[in-house]
Amino acid sequence: MVKKRLNVGMVGYGFMGRTHSNAFSQVGHFFDVPFQPVLKAICARNADKARAFADQWGYESSVTDWRKVVAEKDIDLIDIASPNDTHMEIAIAAAQAGKMVMCEKPLGRSAAESKKMVAAVEKAGVANMVWYNYRRVPAVTLAKLLIDEGKLGKIFHYRAKFLQDWTISKDLPQGGQGLWRLDVGVAGSGVTGDLLAHCIDTALWLNGGIDKVSGMTETFIRERHHNVTGKTEKVGIDDASLFLARFSNGSLANFEATRYARGHKALYTFEINGEHASIAWDLHDLHRLQYFDHRDEGRQRGWRSVHITDSDHPYMSSWWVPGLQIGYEHSFIHQAADFLAGLANGKPAAPTFKDALQTDLVTDAVLKSARTGRWENVV
């Protein structure tokens with residue numbers, strides 16, 4: 001059967017541009033999706049690099065102005081993989097042009113920006129999604145299923161952390177390609193909106209809404225050379241962020257993110273403790289879910305390591321034989337598959353822009369609490 005083409009216009013060719021392009025390229029090979037993504041146009045500021053990216057990934061054309069991609073009548077979907085300060089303008093323009101919109105996280109630099117993006121896609125009635133890919137790691141998806149089935153019982157505790165170490169050097173500049181995450185004007189915030197946003201989205205999905213938070217942040221190096229202005233300028237982003245939280249279901253939580261944890265490149269973990277059972281997950285061992293069930297017979301009660309490769313595990317029937325694991329990039333392929341399936345069955349795949357707004361409301365409350373020194377409600 002010939003599948004309907006879905007022409008993709010990608011904005012951004014960096015790390016996320018590659019993961020998204022790979023997802024669209026591979027999804028039809030492994031999943032029975034109703035549409036065939038076609039890499040139609042890539043947009044980036046540097047014409048030579050955009051052209052090289054197009055050649056490498058098979059895009060039909062490359063441009064340097066995202067407005068041309070949005071205006072193309074034969075492009076169905078605009079995928080935003082560019083820096084955070086571009087998300088709102090591109091998403092709103094794409095929605096107004098009647099395009100479907102997918103956007104890299106965080107949705108906006110603040111909840112105020114995100115609300116405008118939500119309003120735009122809802123007014124236009126266009127399909128939309130935010131690339132919070134960790135939901136689609138099979139072990140994390142299995143955790144969701146176990147929680148929804150009541151295997152853990154009442155949830156008491158949620159704890160998560162995301163640790164990196166790449167910004168410790170005081171000689172590292174801010175701004176420009178590759179370092180825009182250190183520029184508050186572009187990024188919006190530091191690890192709160194970058195790393196903790198992933199932790200928060202996963203937590204909201206697994207454990208429900210967060211009512212209030214108490215947070216603190218720190219910027220360890222207060223001034224850095226700026227690659228764009230050529231001057232030494234104040235650093236406005238947070239290098240480290242920690243907060244306590246209370247979920248709507250009464251459970252308590254603590255979250256931590258930093259780029260100053262020497263020896264950690266991308267250590268994302270979470271653990272959830274319930275009345276009957278506990279689960280834990282580690283990105284460095286992403287194909288395993290750790291599970292403890294107090295209802296097991298006492299002599300053999302203990303933590304078990306579930307190897308997520310069997311065909312009855314989430315997504316795994318589309319991949320290899322049992323025992324052969326998959327990796328990070330597959331989570332994006334799963335997200336693309338769910339998005340395309342949602343287009344056909346009329347059930348939008350999460351997280352939509354509206355879903356992702358909830359994460360930005362939490363990060364805004366964390367940053368506000370860090371300024372006020374008080375507990376802040378998530379509103």
Flagged in segment 323-378 as under 17 Å from the mean Cα position of the chain (by Cα) and of a type in the set (S, T, N, Q), in numbering order, are Ser331, Gln335, Thr352, Gln358, Thr359, Thr363
Residues that are small (Gly, Ala, Ser) and under 28 Å from His287 (Cβ atoms): does segment 354-376 have at least one? yes
Out of curiosity, is Phe353 more than 27 Å from Val378 (Cβ to Cβ) and either in contact with a strand residue (DSSP E or B) (Cβ under 6 Å, 6 or more places away or on another chain) or of a type in the set (Phe, Trp, Tyr) (or both)? no
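Going by the structure shown, is Glu271 under 18 Å from the mean Cα position of the chain (by Cα), open to solvent by 50 Å² or more (accessible area, probe 1.4 Å), closer than 25 Å to Ser214 by Cα and touching a residue at least 12 places away in the same chain (Cβ under 8 Å)?
Values: under 18 Å from the mean Cα position of the chain (by Cα): no; open to solvent by 50 Å² or more (accessible area, probe 1.4 Å): yes; closer than 25 Å to Ser214 by Cα: yes; touching a residue at least 12 places away in the same chain (Cβ under 8 Å): yes.
In short, no.
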Expected single match for out of contact with any strand residue (DSSP E or B) (no Cβ under 7 Å at 6 or more places or on another chain), on the phi < 0 side of the Ramachandran plot and of a type in the set (Lys, Arg) among Lys99, Lys105, Lys116 is Lys116
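Would you say Ile210 is at pLDDT 95 or above, aliphatic (A, V, I, L, M) and closer than 30 Å to Lys170 by Cβ? Talk me through it step by step, then tell me what you get.
Working: at pLDDT 95 or above: yes; aliphatic (A, V, I, L, M): yes; closer than 30 Å to Lys170 by Cβ: no.
Considered against the rule, which asks whether it is at pLDDT 95 or above, aliphatic (A, V, I, L, M) and closer than 30 Å to Lys170 by Cβ, Ile210 comes out as no.
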Please enumerate the residues belonging to segment 209-228 that are outside any strand (DSSP E or B), among the polar types (S, T, N, Q) and open to solvent by less than 50 Å² (accessible area, probe 1.4 Å). Thr219
Of (1) modelled with pLDDT under 95; (2) closer than 30 Å to Leu6 by Cβ, Gly298 satisfies every one except (2)
Just checking, which of Arg51, Arg109, Arg45, Arg67 is more than 22 Å from Ala336 (Cα to Cα), touching a helix residue (DSSP H, G or I) at 6+ places or on another chain (Cβ under 6 Å) and open to solvent by 10 Å² or more (accessible area, probe 1.4 Å)? Arg109
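Could you tell me whether Gln290 is within 14 Å of Thr141 (Cα to Cα), among the polar types (S, T, N, Q) and open to solvent by 50 Å² or more (accessible area, probe 1.4 Å)? Spell out how you get there, then give the answer.
Numbers: within 14 Å of Thr141 (Cα to Cα): yes; among the polar types (S, T, N, Q): yes; open to solvent by 50 Å² or more (accessible area, probe 1.4 Å): yes.
Yes; evaluated as a whole, the condition is true for this residue.
Looking only at segment 27-42, count how many residues are more than 15 Å from Leu343 (Cα to Cα) and among the hydrophobic types (A, V, I, L, M, F, W, C). Step through it out loud before you land on a result.
Restricting attention to segment 27-42, the residues satisfying the condition of being more than 15 Å from Leu343 (Cα to Cα) are 29-30, 38-42.
Retained after the next criterion (residues that are among the hydrophobic types (A, V, I, L, M, F, W, C)): 30, 38-39, 41-42.
Total meeting the criteria: 5.
Condition check: touching a helix residue (DSSP H, G or I) at 6+ places or on another chain (Cβ under 7 Å) and either at pLDDT below 95 or not β-branched (Val, Ile, Thr) (or both). Does Asp85 satisfy that? If you could, list the steps in order and put the result at the bottom.
On the way: touching a helix residue (DSSP H, G or I) at 6+ places or on another chain (Cβ under 7 Å): yes; either at pLDDT below 95 or not β-branched (Val, Ile, Thr) (or both): yes.
Spelling it out, Asp85 is indeed touching a helix residue (DSSP H, G or I) at 6+ places or on another chain (Cβ under 7 Å) and either at pLDDT below 95 or not β-branched (Val, Ile, Thr) (or both).
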Segment 345-362: number of residues that are open to solvent by 10 Å² or more (accessible area, probe 1.4 Å), in contact with a helix residue (DSSP H, G or I) (Cβ under 8 Å, 6 or more places away or on another chain) and either over 19 Å from His334 (Cβ atoms) or among the small types (Gly, Ala, Ser) (or both): 6
Lone unmet requirement of (1) open to solvent by less than 30 Å² (accessible area, probe 1.4 Å); (2) closer than 18 Å to Val140 by Cβ; (3) hydroxyl-bearing (Ser, Thr, Tyr) for Ser305: (1)
If a residue has to be within 11 Å of Met129 (Cβ to Cβ) and of a type in the set (Lys, Arg) to count, how many in segment 332-365 make the cut? 1
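Looking at the structure I just gave you, is Thr192 within 30 Å of Ser311 (Cα to Cα) and in a helix (DSSP H, G or I)?
Numbers: within 30 Å of Ser311 (Cα to Cα): no; in a helix (DSSP H, G or I): yes.
For Thr192, the condition - within 30 Å of Ser311 (Cα to Cα) and in a helix (DSSP H, G or I) - is not met.
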Write out, first by first residue and then by second, each pair whose Cβ atoms fall under 8 Å of each other, whose residues are 6+ apart or on separate chains, and whose first residue, in segment 239-254, is at positive phi and in a loop (DSSP other than H, G, I, E, B) while the second is modelled with pLDDT under 95 and acidic (Asp, Glu). none
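The values are calculated or read from the model by the stated rules, or taken from the named source; none is laboratory data. As the structure is a computational prediction, the values presented were derived from the model and not from experiment. Neighbour counts are summed over all protein chains in view; Cβ atoms, including those assigned to glycine, are modelled from backbone coordinates with ideal geometry. Areas reflect the complete protein model, heavy atoms only, side chains present, ligands, DNA and RNA absent. Shrake-Rupley method; radii C 1.70, N 1.55, O 1.52, S 1.80 Å.
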